[in-house]
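The values are calculated or read from the model by the stated rules, or taken from the named source; none is laboratory data. None of these values were measured; they are calculated from a predicted model. Cβ atoms come from the backbone with ideal geometry, glycine included; neighbour counts cover every protein chain shown.
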Amino acid sequence: MTEIWFRAGEATVLASEGQVTDAMPEIVIGSVKGPVGTAFASMMGQTIGHTRFFVIRDLNQMVRPATMMTSKVTITNETYIGLFGGVVQAAIGDAIVDCLKDGILPAGIANDICMIMTVWLDPRVAEVTNLDKKDLYRTNYEATKIAIGRAMKGEPTVEELIANRTKISHYALEGVLD
């Protein structure tokens, strides 16, 4: 069986209108014996404002491959951590299991690889009174599956990046380079 040493992927899934539930996970996947495994083990401690924990689907249901998730932004309140460690974590966990079920991740080596995910959860999410948790679940579930798929397939390819170099630019550059 082929060992996976280091694969990386990312995805963005936008929120429904009026929500702040965009999902933008970044993921690395690799052998527990390689650099990803070393980084994974090094993340077992906590740092202030950037909580790290295993992805679980529910109590006593840690996903395989073992996956560590951490926030891209500083966590400042309990509402945020509740959403991050609740709806978002559940969506990510379900997506990982579905990646195994769908053959995106090789089930035969699920105990030999691990994943690290950095997860975007908009800091404003804790202040939204009409937060659509179903949309929060949807965006994180979809983005996780896409990011894992891209990592496993090596997407975008070098050829695709070169072909799109002058056709696609970062959204933040709109009007900047005109």
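What to note about this one:
- Count of the stretch 62-106 residues which are more than 16 Å from the chain's Cα centre (by Cα) and at pLDDT 95 or above: 4
- Among residues of the stretch 127-152, those that are buried (at least 18 other Cβ atoms within 10 Å of the Cβ) and modelled with pLDDT under 95, counted: 1
- Within the stretch 43-68, considering residues that are in a strand (DSSP E or B) and among the β-branched types (Val, Ile, Thr), the one surrounded by the fewest Cβ atoms within 10 Å (Cβ to Cβ): THR47
- Yes/no for THR118 being surrounded by 16 or more Cβ atoms within 10 Å (Cβ to Cβ), within 20 Å of PHE6 (Cβ to Cβ) and among the polar types (S, T, N, Q): yes
- Residue check: GLY85 meets all listed conditions (1) in contact (Cβ under 8 Å) with a residue 40 or more places away in the chain; (2) buried (at least 16 other Cβ atoms within 10 Å of the Cβ); (3) within 26 Å of MET44 (Cα to Cα) but one, namely (1).
- Residues located in the stretch 1-30, provided they are out of contact with any helix residue (DSSP H, G or I) (no Cβ under 6 Å at 6 or more places or on another chain), buried (at least 16 other Cβ atoms within 10 Å of the Cβ) and within 22 Å of ALA107 (Cα to Cα): ILE4, GLU26
- VAL97 meets the stated requirement of being of a type in the set (A, V, I, L, M) and touching a residue at least 12 places away in the same chain (Cβ under 8 Å).
- The listed residues are VAL128, VAL97, VAL119, VAL158, and the only one of them that is of a type in the set (Val, Ile, Thr) and farther than 21 Å from ILE27 by Cβ turns out to be VAL128.
- Scan of the stretch 12-42 for residues that are assigned to a loop (DSSP other than H, G, I, E, B) and closer than 26 Å to LEU131 by Cβ, ordered by number: THR12, LEU14, ALA15, SER16, GLU17, GLY18, GLN19, VAL20, THR21, ASP22, MET24, PRO25
- For beta carbons closer than 8 Å, sequence separation of 6+ or different chains, a first residue in the stretch 154-178 that is touching a residue at least 60 places away in the same chain (Cβ under 8 Å) and a second that is surrounded by 10 or more Cβ atoms within 10 Å (Cβ to Cβ) and of a type outside the set (Lys, Arg), the qualifying pairs are GLU155/GLY9; GLU155/GLY149.
- Where GLY9 falls short, out of the listed (1) more than 30 Å from THR157 (Cα to Cα); (2) part of a strand (DSSP E or B): (1)
- Listing of helices (runs of 4 or more DSSP H) fully contained in the stretch 79-169 that carry 2 or more residues being among the basic types (Lys, Arg) and in contact with a helix residue (DSSP H, G or I) (Cβ under 9 Å, 6 or more places away or on another chain): 133-153
- Condition met for ILE116 (farther than 15 Å from VAL13 by Cα, of a type outside the set (S, T, N, Q) and within 15 Å of the chain's Cα centre (by Cα)): yes
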